[in-house]
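Below is one structure, written out as structure tokens; the observations come after it.
The values are calculated or read from the model by the stated rules, or taken from the named source; none is laboratory data. Just so you know, these numbers come straight off a predicted model, no measurement behind them. Glycine gets a Cβ as well: all are built from the backbone with ideal geometry, and neighbour counts include every protein chain shown.
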Amino acid sequence: MQTRNRISVAIAAVLLAATSISSLSGCQKASPAQSSAPAKSILEMEPIPRTPERLARGKYLVEGLVQCPFCHSDYDFTHRPARPVDGRKGGGHVFSKEEMGLPDGNVVVASNISPDPDYGAGKWKDTDFVRALRQGIGHDGRTLYPMMPYYYFRSLSDEDLASVIVYERSLASVHIERPKTLLTEDIKKSLQPMPPVDHVPEPNRLDRVEYGKYLATVGHCDGCHTPLDEKGNSIPDMYLAGGQLLVGAWGPDPEKTVTVASLNLTPDPSGISYFDENIFVNSIRTGSVNARPLANIMPWAYFRNLTDDDLKAIFAYLRTVKPVKHRVDNTETPRYCKQCRGKHGFGERN
Ligand code: HEC
Ligand code: HEC
């Protein structure tokens, strides 16, 4: 099943994501002797206490990194940077057939997660959000289609996840009813929720590479920048090597469906070895790599709101991933690539 959407997540990535959590959290479980009375996790509190610090951190994370409104809103891609249609932020979105690339009979809908009591999340609990973000379980118990990036959001620290929920639930209500996601039985059967996560500690901000890995994980660069095989699984050994095709009306013409391939972010000469910190920060801030504009489906509209320090940490991490030789160029005519078995600019050169 090849999915081509605002972010295509390989179903086989479940296991990978599960491993990356334990490596991010360092598996540090307190021994019984040390934790006679463990403090109740903030995520078990109902409601999670609304504090100004959480609201501010949640705003930073949502508007800069984890991009909830990017999928959960009708979007205006004609504008640069792209933005939610006025009054629709968080109000849900029905994805087009072209964008999803799924067989007939499947319709994926990002739910209305605004606080509207009738059509949104107004009556859901904070713990419903925790389960959706960490396990991929909807408020009604269904397993969520993994376009919702729960494989990645699982890695959010308890405190960051609490902040994201506090901010998300503070947004204005959008009084629009959305249909439910409709999936055929074979796809439904292939979906598994993730196991619960006990506790994810704060990332170590002093280790720039490790912190950058944390930011890149929850910002789900992998969801778009790793190419997929015919079944929609990540191609082994091509982590962040680009070439995944994203199909949609990414602008400037709202009626025109275009295909954009993600690019190679590894430190290979065919990737971004020529970038330095400044080129990286500038490209993300302006949505242009020197004079070459980046398509609006690349969430630079969000990432541009990150601090220089956080962008530099992401870049430091990207420098440490395995270099993969894979040429991808959206300014060239798409041609078959035997390496990722897709069709993208410079495919014939691989
Ligand atoms: C790449 C797209 C995408 C992003 C980014 C995204 N979501 Fe989702 N989300 C979806 C889709 C699609 C669904 C519906 C899946 C289904 O119905 O099977 C969903 C479902 C959910 C649900 C479950 C709703 C229900 O009906 O129970 C919640 C809660 C949710 N998302 C919250 C969030 C939050 C909070 C964020 C940001 C941290 C976020 N989402 C980011 C695509 C996305
Ligand atoms: C929703 C899909 C999506 C996500 C998520 C995403 N990207 Fe991208 N990115 C793209 C696409 C598509 C392009 C190519 C755009 C174009 O050529 O117009 C791109 C291009 C880039 C480029 C330009 C590379 C070059 O050689 O010019 C950089 C840098 C980049 N992305 C970094 C990131 C980082 C870092 C993350 C995670 C924090 C990320 N992207 C997450 C889709 C995505």
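Considering only region 226-243, I want to know if a residue exists there that is among the polar types (S, T, N, Q) and over 19 Å from Val66 (Cα atoms).
Going residue by residue through region 226-243, those that are among the polar types (S, T, N, Q) are 226, 233-234.
Filter once more, keeping what is over 19 Å from Val66 (Cα atoms): 233-234.
Within region 226-243, one or more residues are among the polar types (S, T, N, Q) and over 19 Å from Val66 (Cα atoms).
Do you know which of the residues in region 156-172 that are out of contact with any Lys or Arg (no Cβ under 9 Å at 6 or more places or on another chain) and more than 19 Å from Ser73 (Cα to Cα) is surrounded by the fewest Cβ atoms within 10 Å (Cβ to Cβ)?
So the residue we want is Ser157.
Could you list, in sequence order, all residues of region 92-110 that are away from ligand 1 (no atom under 11 Å from the Cβ) and either surrounded by fewer than 16 Cβ atoms within 10 Å (Cβ to Cβ) or not assigned by TED's automatic domain parsing to the domain that holds His72 (or both)?
Listed by number, the residues that qualify are Ser96, Lys97, Glu98, Pro103, Asp104, Gly105.
Give me the pairs, please: first residue somewhere in region 267-291 and closer than 19 Å to Met238 by Cα, second residue anywhere and charged (D, E, K, R), beta-carbon distance under 8 Å, and either six or more positions apart or on two chains.
Pro267/Arg319; Asp268/Lys325; Pro269/Lys325; Ser270/Lys325; Ser270/Arg327
For the subset of region 200-222 comprising residues that are part of a loop (DSSP other than H, G, I, E, B) and surrounded by 15 or more Cβ atoms within 10 Å (Cβ to Cβ), which member is farthest from ligand 1 (Cβ to nearest atom)? Walk me through it before giving the result.
Start the filter on region 200-222 by keeping residues that are part of a loop (DSSP other than H, G, I, E, B), which leaves 200-207, 219-220.
Narrowing further to those that are surrounded by 15 or more Cβ atoms within 10 Å (Cβ to Cβ): 200, 203, 219-220.
Details: Val200: 14, Pro203: 16, Gly219: 10, His220: 7 Å.
Among them, the one singled out is Pro203.
Which members of region 304-350 meet the condition of being under 23 Å from Arg80 (Cα atoms), acidic (Asp, Glu) and over 21 Å from the mean Cα position of the chain (by Cα)?
Asp329, Glu332
Which ones in region 190-218 are under 30 Å from Lys338 (Cβ atoms) and within 17 Å of the chain's Cα centre (by Cα)? So that I can check it myself, show each step before the final result.
Going residue by residue through region 190-218, those that are under 30 Å from Lys338 (Cβ atoms) are 190, 216-217.
Those that are under 30 Å from Lys338 (Cβ atoms) and within 17 Å of the chain's Cα centre (by Cα): Ala216, Thr217.
Could you grab me the full set of residues in region 111-125 that are touching a Lys or Arg at 6+ places or on another chain (Cβ under 8 Å) and crowded, with 19+ Cβ neighbours inside 10 Å?
First, pick out the residues of region 111-125 that are touching a Lys or Arg at 6+ places or on another chain (Cβ under 8 Å): 111-112, 114-115, 117, 119, 121.
Within region 111-125, Ser111, Asn112, Ser114, Ala121 qualify.
On the given criteria, is Ala132 surrounded by fewer than 23 Cβ atoms within 10 Å (Cβ to Cβ) and either within 8 Å of ligand 1 (Cβ to nearest atom) or part of a helix (DSSP H, G or I) (or both)?
Numbers: surrounded by fewer than 23 Cβ atoms within 10 Å (Cβ to Cβ): yes; either within 8 Å of ligand 1 (Cβ to nearest atom) or part of a helix (DSSP H, G or I) (or both): yes.
Yes.
If I ask for residues that are assigned to a loop (DSSP other than H, G, I, E, B) and touching an Asp or Glu at 6+ places or on another chain (Cβ under 9 Å), which ones from region 301-326 would you list?
Residues of region 301-326 assigned to a loop (DSSP other than H, G, I, E, B): 304-307, 319-326.
Selection gives Asn305, Lys322, Pro323, Val324, Lys325, His326.
If the requirement is being of a type in the set (Gly, Ala, Ser) and part of a loop (DSSP other than H, G, I, E, B), which of these qualifies: Ser283, Ser270? First the steps, then the outcome.
Numbers: Ser283 fails: part of a loop (DSSP other than H, G, I, E, B).
When all the criteria are applied, what remains is Ser270.
Identify the residue in region 45-62 that is in contact with a helix residue (DSSP H, G or I) (Cβ under 7 Å, 6 or more places away or on another chain) and not hydrophobic (A, V, I, L, M, F, W, C) and, among all such residues, is surrounded by the most Cβ atoms within 10 Å (Cβ to Cβ). Let's see the steps before the verdict.
The initial filter retains those residues of region 45-62 that are in contact with a helix residue (DSSP H, G or I) (Cβ under 7 Å, 6 or more places away or on another chain), namely 46-48, 50, 54-55, 57-59, 61-62.
From what is left, the residues that are not hydrophobic (A, V, I, L, M, F, W, C) are 46-47, 50, 54, 57-59.
Numbers: Glu46: 10, Pro47: 11, Arg50: 14, Arg54: 21, Arg57: 18, Gly58: 24, Lys59: 18.
Checking each candidate, the answer is Gly58.
Based on what the data block shows, is Pro38 part of a loop (DSSP other than H, G, I, E, B) and modelled with pLDDT of 60 or more? Give the derivation first.
Details: part of a loop (DSSP other than H, G, I, E, B): yes; modelled with pLDDT of 60 or more: no.
Judged against the criteria, Pro38 is not a match.
Within region 227-240, can you find the residues that are in contact with an Asp or Glu (Cβ under 8 Å, 6 or more places away or on another chain) and part of a loop (DSSP other than H, G, I, E, B)? Don't jump to the end; show me each part of the working.
Our first condition is that a residue be in contact with an Asp or Glu (Cβ under 8 Å, 6 or more places away or on another chain); within region 227-240, this holds for 234-235, 239-240.
Across region 227-240, the qualifying residues are Ile235, Tyr239, Leu240.
Of the residues Glu63, Glu99, only one is more than 23 Å from Phe129 (Cα to Cα), at pLDDT 60 or above, within 16 Å of ligand 2 (Cβ to nearest atom) and outside any loop (DSSP other than H, G, I, E, B); which? Before you say what the answer is, go through the steps one by one.
Working: Glu63 fails: more than 23 Å from Phe129 (Cα to Cα).
Exactly one of Glu63, Glu99 is more than 23 Å from Phe129 (Cα to Cα), at pLDDT 60 or above, within 16 Å of ligand 2 (Cβ to nearest atom) and outside any loop (DSSP other than H, G, I, E, B), namely Glu99.
Tell me, yes or no, whether region 223-245 has at least one residue that is surrounded by fewer than 17 Cβ atoms within 10 Å (Cβ to Cβ), more than 10 Å from ligand 2 (Cβ to nearest atom) and among the hydroxyl-bearing types (Ser, Thr, Tyr). Step through it out loud before you land on a result.
Initial filter on region 223-245 (surrounded by fewer than 17 Cβ atoms within 10 Å (Cβ to Cβ)): 229-231, 233, 236-237.
Going one step further and asking which of them are more than 10 Å from ligand 2 (Cβ to nearest atom), we end up with 229-231, 233, 236-237.
Then drop every residue that is not among the hydroxyl-bearing types (Ser, Thr, Tyr), which leaves none.
No: region 223-245 contains no residue that is surrounded by fewer than 17 Cβ atoms within 10 Å (Cβ to Cβ), more than 10 Å from ligand 2 (Cβ to nearest atom) and among the hydroxyl-bearing types (Ser, Thr, Tyr).
Is it true that Ser163 is touching an Asp or Glu at 6+ places or on another chain (Cβ under 7 Å), hydroxyl-bearing (Ser, Thr, Tyr) and at pLDDT 95 or above? It would help to see each step written out before you state the result.
Values: touching an Asp or Glu at 6+ places or on another chain (Cβ under 7 Å): no; hydroxyl-bearing (Ser, Thr, Tyr): yes; at pLDDT 95 or above: yes.
No: the conditions fail for Ser163.
For region 292-306, give me the residue count where each residue is more than 16 Å from ligand 1 (Cβ to nearest atom) and either in contact (Cβ under 8 Å) with a residue 60 or more places away in the chain or surrounded by 22 or more Cβ atoms within 10 Å (Cβ to Cβ) (or both). It would help to see each step written out before you state the result.
Taking region 292-306 first, the residues more than 16 Å from ligand 1 (Cβ to nearest atom) are 292-294, 304.
Filter once more, keeping what is either in contact (Cβ under 8 Å) with a residue 60 or more places away in the chain or surrounded by 22 or more Cβ atoms within 10 Å (Cβ to Cβ) (or both): 293, 304.
The total comes to 2.
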